[in-house]
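Visitor: Got a structure for you, written out below as structure tokens; questions coming shortly.
The values are calculated or read from the model by the stated rules, or taken from the named source; none is laboratory data. Because the structure is predicted, anything quoted here is derived from the model rather than measured. In this analysis, Cβ positions are derived from the backbone assuming ideal geometry, glycine residues included, and neighbour counts consider all displayed protein chains.
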Amino acid sequence: MARIFITGSTDGLGLATARTLINDGHQVLLHARSTERAATLDQVAPEAAGIVIGDLSSAAETRNLAEQVNAHGLMDAIVHNAGVYLSPGRVATPEGHSRTLAVNVLAPYILTALIERPGRLIYVSSGMHRGAGNNLRDIDWTERRWNASAAYSESKLHVSALSAAVARHWPTVLSNSVDPGWVPTRMGGASAPDDLAMGHDTQGWLAVSNDGAALVSGKYWHHRRQRNPAPEVTDNDFQDRLIDKLAELTGIPLF
């Protein structure tokens, strides 16, 4: 039996992952953005290890969320599932960051740095990361004209590279990123063509499986198969420059 924390587990892939792991006998710590969102977990909450609450678009709430998780004890695995998709404009967070960057990249970075180190880390990415630019100078979109698709794609490139950097620097942790596919969730939309069950299967498998195939690190996955990510993901220099930028934006060192 494993102890797993899943961000963004009130609906969509996060909730599906949580339900599957709970049904398999694991202890799952759920996460909701607010107490109102937590109330939607009434059916699954009694079987969960608990619920922690925090808005990942706020750095202060994200820091507090890390404290809440640590209060529950060491996790065996953490699934960084929460994310925002195509924002029509550059919505600013309380700290002035782009909400897309804050939720999709800064929050996983902060939680990775502040939560007691688990044995496994899984970061939900997207195949759209392959279309992202690799210039790290304006990742917060303070100078460029806002482009929702480009901002989302960049955020998924960055979280994939974060996963690979963690794998390189923390050899005792299994760190991987996953492309769940374009699946019919609230984020993906009802017309999404990919398989919903397969969309959350790989995250849960990497979190708890003792299959040899799952006991690897620094990989990029789609439907339990290793795929080749964009070259920047596995580029050590790009990883290091990204980590330096995230440390600068958050004020929190990772390595």
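Visitor: Return the total of residues in the range 116-140 being in contact with a helix residue (DSSP H, G or I) (Cβ under 8 Å, 6 or more places away or on another chain), surrounded by fewer than 18 Cβ atoms within 10 Å (Cβ to Cβ) and outside any helix (DSSP H, G or I).
Guide: Of the residues in that region, 4 qualify.
Visitor: Select, from W205, W221, the only residue that is within 18 Å of T17 (Cβ to Cβ), of a type outside the set (D, E, K, R) and in a strand (DSSP E or B).
Guide: Details: W205 fails: in a strand (DSSP E or B).
On inspection, the qualifying residue turns out to be W221.
Visitor: Please work out if R117 is farther than 26 Å from L174 by Cβ and modelled with pLDDT of 95 or more. Before the answer, list the steps.
Guide: Working: farther than 26 Å from L174 by Cβ: no; modelled with pLDDT of 95 or more: yes.
When the stated conditions are applied, R117 does not pass them.
Visitor: Is at least one residue of the range 65-74 in contact (Cβ under 8 Å) with a residue 60 or more places away in the chain, within 24 Å of T100 (Cα to Cα) and part of a strand (DSSP E or B)?
Guide: no
Visitor: Does the range 206-216 contain any residue that is touching a helix residue (DSSP H, G or I) at 6+ places or on another chain (Cβ under 8 Å), within 15 Å of I122 (Cβ to Cβ) and crowded, with 22+ Cβ neighbours inside 10 Å?
Guide: Yes, the conditions are met somewhere in the range 206-216.
Visitor: Quick one: count up the residues across the range 217-241 that are out of contact with any Pro (no Cβ under 6 Å at 6 or more places or on another chain), within 18 Å of I122 (Cα to Cα) and of a type outside the set (V, I, T). Outline the logic, then answer.
Guide: Here is the first cut: in the range 217-241, the ones out of contact with any Pro (no Cβ under 6 Å at 6 or more places or on another chain) are 217-219, 221-241.
Filter again for within 18 Å of I122 (Cα to Cα), leaving 217-219, 221-230, 233-234, 239.
So of that shortlist, the ones also of a type outside the set (V, I, T) come out as 217-219, 221-230, 239.
Residues flagged as out of contact with any Pro (no Cβ under 6 Å at 6 or more places or on another chain), within 18 Å of I122 (Cα to Cα) and of a type outside the set (V, I, T) within the range 217-241 amount to 14.
Visitor: Go through the range 40-64 residue by residue and tally those that are part of a helix (DSSP H, G or I) and either at pLDDT 95 or above or under 18 Å from the mean Cα position of the chain (by Cα) (or both).
Guide: Here is the first cut: in the range 40-64, the ones part of a helix (DSSP H, G or I) are 40-41, 45-47, 59-64.
Right, trim to either at pLDDT 95 or above or under 18 Å from the mean Cα position of the chain (by Cα) (or both) and you get 47, 59-64.
Result for the range 40-64: 7.
Visitor: Any residue in the range 152-171 that's outside any helix (DSSP H, G or I): show its pairings with residues that are at pLDDT below 95 and crowded, with 24+ Cβ neighbours inside 10 Å at Cβ separation under 6 Å, as long as the two are six or more apart or on different chains.
Guide: Filtered contacts from the range 152-171: no entries.
Visitor: State which residue is farthest from E232 (Cα to Cα) when the search covers only the range 118-144 and only residues that are of a type in the set (G, A, S) and in contact (Cβ under 8 Å) with a residue 40 or more places away in the chain. Steps first, please.
Guide: As a first pass, look at the range 118-144 and keep what is of a type in the set (G, A, S): 119, 125-127, 131-133.
After this cut, where a residue has to be in contact (Cβ under 8 Å) with a residue 40 or more places away in the chain as well, the list is 119, 125-127, 132.
Details: G119: 25, S125: 14, S126: 14, G127: 14, A132: 10 Å.
If we take residues in the range 118-144 being of a type in the set (G, A, S) and in contact (Cβ under 8 Å) with a residue 40 or more places away in the chain, then G119 is farthest from E232 (Cα to Cα).
Visitor: Continuing with the same structure: Here is a list of conditions, (1) among the polar types (S, T, N, Q); (2) modelled with pLDDT of 95 or more; (3) more than 18 Å from the chain's Cα centre (by Cα), and S153 meets all of them except one; can you say which number that is?
Guide: Condition (3) is where S153 drops out.
Visitor: Starting from the range 223-235, take each residue that is on the phi > 0 side of the Ramachandran plot and list its partners that are at pLDDT 95 or above, counting only C-beta distances under 6 angstrom and pairs at least six apart or across chains.
Guide: Going by the 6 Å Cβ cut-off, the qualifying pairs are R224/T202.
Visitor: Output yes when any residue across the range 180-199 is at pLDDT 95 or above and of a type in the set (F, W, Y), and no when none is.
Guide: no
Visitor: Condition check: modelled with pLDDT of 95 or more, surrounded by fewer than 21 Cβ atoms within 10 Å (Cβ to Cβ), assigned to a helix (DSSP H, G or I) and out of contact with any strand residue (DSSP E or B) (no Cβ under 8 Å at 6 or more places or on another chain). Does T100 satisfy that?
Guide: no
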